[in-house]
1. For the chain, would you read off the P(r) tail past 28 Å as a percentage of all alpha carbon pairs?
2. If packing is taken as the average count of other Cβ atoms within 10 Å, what order do 302-312, 394-404, 5-15, 328-338 fall into, highest mean first?
3. Whole number in Å², please: accessible area per residue of the range 351-400, 1.4 Å probe, ligands, DNA and RNA not counted.
4. Calculate, in nm to one decimal, what residue 355 and residue 292 gain on full extension: separation in residues at 0.36 nm each, minus their alpha carbon distance.
5. How large is ³J(HN,Hα) for each residue in the range 168-180, as worked out from phi by the Karplus curve 6.51 cos²θ - 1.76 cosθ + 1.60 (θ = phi - 60°), to whole Hz, x for Gly and Pro?
6. Using a 1.4 angstrom probe, figure out how much accessible area the range 44-112 has per residue, in square angstrom, rounded to the nearest whole.
7. Expected output is a single nm value to one decimal: the length gained when fully extending between residue 369 and residue 329, i.e. 0.36 nm times separation in residues minus the C-alpha distance. What is it?
8. How much length, in nm to one decimal, is gained on full extension between residue 22 and residue 133, taken as 0.36 nm per residue of separation minus their Cα-Cα distance?
Amino acid sequence: MGSPADQFKLAPSDDPLSAFRDEFVIPTFRQMNATAVSAELADQPCTYLCGNSLGLLPKRAKKLVQEELEVWGTRAVEGHFDHPHGRSWMYIADTVHPYFADLVGASESEVACMGTLTANLHLMLNAFYKPTQDRYKILCEAKAFPSDQYAFATQVASRGLDPSDAIIELSPRPGEHTLRTADILSAIARAGPSIALVLLPGVQFYTGQYFAIADITAAARAQGCVCGWDLAHAVGNVPLALHAWGVDFAVWCTYKYLNGGPGAIGGLFVHARHADLPVAQAGWWGHEPATRFDMPPRFQAIRGAQGFQQSNPSVLATAALLGAVRVFRDAGGMERLRARSERLTGYLEALLKASRFYAEPVQAFEKEKEELRVSIITPSNPAERGAQLSLVFLPTGRGIMPRVLKGLEARGVVGDSRKPDVIRLAPAPLYNTFEDVEQAVGVLDEVLGEVEQEGVPPAPAETDPVEEERLDKADDRS
């Protein structure tokens, strides 16, 4: 089989996409406060594996934002209609729509550059979640991203329904970290007549699992359910074909793999078969552009997704995103990037599994184990994951993860954490290298060695139930 490098690593001559690293501003060790890095290396690029949380700054995004600031300063309000770079602010979102269409597999009329993820999710729920007496439930995952959970619960409650009854939450099987596609399909088949909406993430934020969007959508629609997707961790990460898959709607943010910048403008998709769906929360930017500035009293929606626009978009945010998504097209699109991504993440996985600290995922459930270990809770099958690997540090619940994270940060390896025990690492194919992967695993081994020497804290003592009851009564008397 050969070494991990033999299996996954590309020679520079066979890795043309590596040139796109130069399109990005990569923070240095010094800038990231990597205190354990020597002074000689302090001004070298850090090892940034956090594109699943915030993508790096594309140089093109910086340039376009600077141009828009200059236009604001020199043209002021006239920039809406007479723009020196041909990006009139009246139509600034339209510059992004062709790129969105490519990235999610849609026509331009099916996508809109607008809003933010949760605001867009509420717009879509208001448009598509139409509960009846018999069909009123939402099928989602247990422990969905909190913003999605809040949206589901408040949408259900606003219709006079009880979230504990109207929301079906799917959990992995005991002893497993991720949902099986078969279990999702079974749940849809079993409860289909009562389900109004199936809404899942394209890629799960915590585990990095890539859901079978096409199969799940087909199953949901066959049962008469609407099927929507939160693509926050999927867009720019995995190839998508939303129109062909028959997805009803989808929403996404753009600051992760799309590199649109912190708090970047969002996006949504509405399938063409819903092009004339009534817009319940209309705004003037969703009105037909030809008469928008005539300000007629009656709303005339743009057909398709863009009719859901409400206010004029942030020009600076849209310009930054435009610069970012242009890089994807110049790189050849998602299929090419996905091939490189699979190699980078496969290499990361292989090197982690070669570590003396590696443990199989099932050991995360074995509470009696005392040895310091790291495991991967992301699916091993490349077809069931994106760029991200989620690492769990064992024994769980002992405060290992924060110590490891601190050690990584001090050495300039940037990932992010999910309490209490998980660190997420995501090599992004546009700017990460195979050497980044090697550096990250080497540093992780070094940090784990230090933590091992320092020792694992003992497990918290379990209180005897009889003693706990005695203490409770004593508290009551005090």
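1. So the portion of pairs separated by more than 28 Å is 57 percent.
2. Highest-to-lowest ranking by the protection proxy: 302-312, 394-404, 328-338, 5-15.
3. Averaged over the residues of the range 351-400, the accessible area is 41 Å².
4. Working: separation 63, 0.36 × 63 = 22.68 nm, distance 6.10 nm.
16.6 nm is the gain from fully extending residue 355 to residue 292.
5. 9, 10, 9, 10, x, 5, x, x, 10, 9, 10, 7, 7
6. Numbers: 3040 Å² over 69 residues.
That works out to 44 Å² for each residue.
7. 9.6 nm
8. Gain on extension, residue 22 to residue 133, equals 34.3 nm.
The values are calculated or read from the model by the stated rules, or taken from the named source; none is laboratory data. All values reported here derive from a predicted model rather than from experimental measurement. Please note: Cβ atoms are built from the backbone with ideal geometry, for glycine as well, and neighbour counts cover all protein chains shown. Accessible surface is based on the protein model in full, side chains and every heavy atom, while ligands, DNA and RNA are left aside. Shrake-Rupley method; radii C 1.70, N 1.55, O 1.52, S 1.80 Å.
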